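The values are calculated or read from the model by the stated rules, or taken from the named source; none is laboratory data. No experiment lies behind these values; they were computed from the predicted model shown. Cβ: placed from backbone, ideal geometry, glycine included. Neighbour counts: every protein chain shown. Heavy atoms of the whole protein, side chains included, go into the accessibility calculation; ligands, DNA and RNA do not. Shrake-Rupley method; radii C 1.70, N 1.55, O 1.52, S 1.80 Å.
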Amino acid sequence: MNKIWLVIQREFLSRVKKKSFLLATLLTPLIFPAIMGIFVWIATEEKEAQSLRIIEVVDENKLFFLESSEQYAFSFSGNDLETSKEMVQNGDRYGFLYIPKFDLKEPTGIVYYGEENPSMNLISYLENNLKKKIEEQRLFESGIDPKIINEVRTKVSIKSITVDEQGAETVSDATVNYALGFTSGILIYIFIFVYGNQIMQGVIEEKSSRIVEILVSSLKPFQLMMGKIIGIGAVGLTQFLIWVVLIGTLSSVVIGILGMQMPQQQAIEMASPEIAESMPPGSDMAQIFQVISGIDFIGLTLSFIFYFLGGYLLYGALFAAIGSAVDSPSDAQQFMLPVTIPLIVAYMGLFVFVLNDPNGNASFWLSIIPLTSPIAMMGRVSYGVPWTDMVLSMGLLIGGFFFTTWMAGKIYRIGILMHGTKPSYKTLWKWIKTSQ
Amino acid sequence: MLKIEKLNKSYGSSRALTDLDLYVPKGIIFGLLGPNGAGKTTLIRIINQIIEGDSGEILIDGSPLSSDHISQIGYLPEERGLYKKMKVWDQMIYFARLKGLSQQEAKSRINHWLQKLEMSSWKDKKIEDLSKGMAQKVQFISTIVHNPALLILDEPFSGFDPLNAEIIKDEILGLKAQGTTVILSTHRMESVELLCDRVAMIHKSRKILDGTIKDVKSSFRPEVFTVTLENLTQEIPQEWIAKMSDNSCHFSLPLNGKTPNELLSGLMQYGQVKQFEEVIPSMEEIFIHQIKSANYE
């Protein structure tokens, strides 16, 4: 045990002390808020520039009075088509909307002229506005009082609540659950790949530089392998925790600074005018907060840590076995397939099945089989999983971890001392079967 | 110190060791000889518990080989390596601690050795910045830092210049004087003759020779004497293909069933016997002779 601890220490310290670790650990969290900050900044800037945009309207029906918004002002100077076009060309107007005379039942021929390509936002804003006006006009013509129309207009939003066996109710929102499952699944996927590769590289380094023969004369190959896996896992966990803290702090600072310049409501409005129109101020955000507060974060965090470590350990042993069987990283390619395929299946399954239908058959199996469960189960956990499924999945993952480690240990023990021969799957199988 | 009985090991269908018996007394330097692929490395790995034998018994000081013995054995493999990116000091501490030394103990012993071999100034250098010879010295210290009772050295002099090889040789002899038992596996027969008290030779998985250097050499005497005669009084027989110079004559003669005294008195009639000496084979000759004759069988 003491010797495993020495190996863990070496593996951990030799990586953490590297300059590249320091750089990656400190710079990565800076990149996230920086990108976020740039987006928010661009959006804010754009909005400021847009607030000056004046659109000339020529309406031959003399029916439509478009209400100006913060971004777009509408001018009804009564000019003709040619003059208005010229105004756009001269830069006096941002754009020009031409509404020809038409039957209200079939509004066709509306044209927007602009110096630059109009954004989707602008077009849908104009379309929604005109649609509303035409509908109001037609209702009015069929004898309905505009006052009634305004009274009749209703807003509907569904609040979804999940009830568990004990009858406790929680407000849920698929979007939030989706985002949580998506993020945690992807993180585990990346973690397994990045640090699994580090294990493999480390094993190959020890093997090709022949250090391993000296090491295994002092401790058992299995101790060496486990020490390496745990040590590198600790490096990853450390890096991950530093990131969480740094990203959290930096993001809240960035949002804090930029948030003052752009209230939430406007952000939503910008994203989609339709949603903004149908939502009373604040209700959307309020619900999201309610949902977030309803999520069992302790349970979520605990299962994240469990699957994060379980998945890493399960695959870590396999990566170590591959590293021990080959002489150089380029030879490792041929054995990577059995490791890569289940990971990619889990990753694809997360998107195709789990996040869309967390309780479906495919989702169930993906979250039970140990090779895919670390990634797939995270997609289900945020929606809530029956405890029987959870116990089964966790139990099988622990069992799977013992199995891959046992198998990898057998390959590793023989592989690290073999030089110059390129083993095949058949040889690996022979190594596994060799006793002692 | 080390006693091996009926040790067998095979890899699939190929045999690496067959019914091997070996006895290494305490406090000597034991030469383990044999051509490449004879099974030496397998034997060394089994003693180091890197791999296990299929059958047979290994005793160290009378007790069966177990993980308790790891801290008593020092092993310098033929193909050796160090972590390139690690500092000399950290690396030595790591190896010493893996052999079971405490942090404190490891530090003081490493300091002692670094000073002794005048390497203290390299402490904070990375292995990749050292010359090959320097790295080999680091490796050597790492092998002996825990004061092993049994030291197994596989080609310890490779990679050293003659000056450093001399330093290492002196250290090995120094360890022997302190009671360390050394198993030396090498192809350099001159160092075997110089250092070893006993040797064993392995060929095609079997032991084909075992004994003290003296016994081995005497059992391989070709029973030939070299003779130098002066002031010839009589023509020497044609078949004694001789080298003549001025008035002396140098040649070698087989005993052909006679005793050395009979041979000598026979020679006296031809002139003044200036030199009469038995031919003692070198270990190199014995090695080559043994392998060749074993291959004929």
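A few comments on the model shown:
- List of the stretch A:216-239 residues, accessible area with partners at least 20 Å² below that of the chain alone (1.4 Å probe): A:Val216, A:Ser217, A:Ser218
- Panel values: chain A, Kirkwood radius from alpha carbon pairs, Stokes-Einstein at 10 °C and 1.306 mPa s, translational diffusion coefficient 59 µm²/s.
- Excluding ligands, DNA and RNA and using a 1.4 Å probe, chains B and A jointly bury around 2300 Å² of accessible surface, summed across both partners.
- The Cα atoms of the protein assembly as shown give a gyration tensor whose axes a ≥ b ≥ c have a/c of 1.5 or more with a/b greater than b/c, which makes the shape prolate.
- Farthest positive-ward along chain A dipole, Cα basis, beta-carbon charges - from A:Gly399, A:Tyr425, A:Leu366: A:Tyr425
- Neighbours of B:Pro162 by Cβ distance under 14 Å: Lys/Arg scored +1, Asp/Glu scored -1, total -2.
- Interface residues, the stretch B:65-91 - accessible area loss of 50 Å² or more versus chain alone, probe 1.4 Å: B:Glu79, B:Tyr83
- In this structure, the residue pairs whose Cα-Cα separation is over 29 Å, taken from B:Lys26/B:Lys85; A:Lys19/A:Lys422; A:Lys132/A:Lys159; B:Lys99/B:Lys125; A:Lys220/B:Lys107, are B:Lys26/B:Lys85; A:Lys19/A:Lys422.
- The simple spin-label model puts a point 7 Å past each Cα toward its Cβ; for B:Glu235 and A:Leu241 those points are separated by 10.1 nm.
- Accessible-area composition of the stretch B:131-267, carbon plus sulfur, in percent [1.4 Å probe]: 51 percent
- Straight-line cross-link reach from B:Lys116 at under 14 Å between alpha-carbon atoms covers these aspartates and glutamates, not counting any fewer than eight positions away in the same chain: B:Asp170, B:Glu171.
- Computed over the stretch B:222-278: relative contact order in percent, which uses C-alpha pairs under 8 Å that are six or more apart: 54 percent
- When you restrict to C-alpha pairs under 8 Å that are six or more residues apart and normalise by the size of chain B, the relative contact order lands at 21 percent.
- For the stretch B:222-278: rounded, prolate or oblate by the Cα gyration tensor [a/c cutoff 1.5]: prolate
- Whole-angstrom gap from the stretch B:8-86 to the stretch A:64-90, using each part's C-alpha centre: 94 Å
- Residues whose placed amide H lies under 5 Å from that of B:Asp210, excluding near-sequence neighbours: B:Met201
- At a threshold of 50 Å², the residues of the stretch A:187-213 that become less accessible to a 1.4 Å probe in the full protein assembly than in their chain on its own are A:Arg210, A:Ile211, A:Glu213.
- With N the number of residues in the stretch A:1-113, Rg(Cα) / (2.2 N^0.38 Å) evaluates to 2.23.
- Nearby aspartates and glutamates by direct alpha-carbon distance to A:Lys147 (threshold 13 angstrom, same-chain neighbours under 8 apart not counted): A:Glu136
- Solvent-accessible area per residue, Å², over the protein assembly as shown with all protein chains present [probe radius 1.4 Å]: 52 Å²
- Mean separation of Cα contacts under 8 Å (6+ apart) over length of chain A, as relative contact order %: 19 percent
- Ellipticity estimate at 222 nm from DSSP helix runs (n ≥ 4, -39,500 (n - 2.57)) divided over the protein assembly as shown, nearest 500: -17500 deg cm²/dmol
- Percent accessible area from carbon and sulfur atoms, the stretch A:204-258, protein chains only, probe 1.4 Å: 82 percent
- Debye equation applied to the C-alpha atoms of the stretch A:348-410, log10 I(q)/I(0) at 0.15, 0.17, 0.19, 0.25 Å⁻¹: -0.43, -0.53, -0.63, -0.93
- Think of each Lys and Arg Cβ as +1 and each Asp and Glu Cβ as -1; about the Cα centre, that makes the dipole of the stretch A:50-152 roughly 160 debye.
- Cα lying deepest toward the dipole's positive end in the protein assembly as shown, options A:Phe193, B:Val24, A:Phe306, charges on Cβ: B:Val24
- Think of each Lys and Arg Cβ as +1 and each Asp and Glu Cβ as -1; about the Cα centre, that makes the dipole of the protein assembly as shown roughly 2680 debye.
- Taking N as its residue count, the alpha carbon Rg of chain B over 2.2 N^0.38 Å: 1.27
- Top of A:Ile99, A:Ile242, A:Ile149 by mean-square fluctuation, Gaussian network on chain A, Cα under 10 Å: A:Ile149
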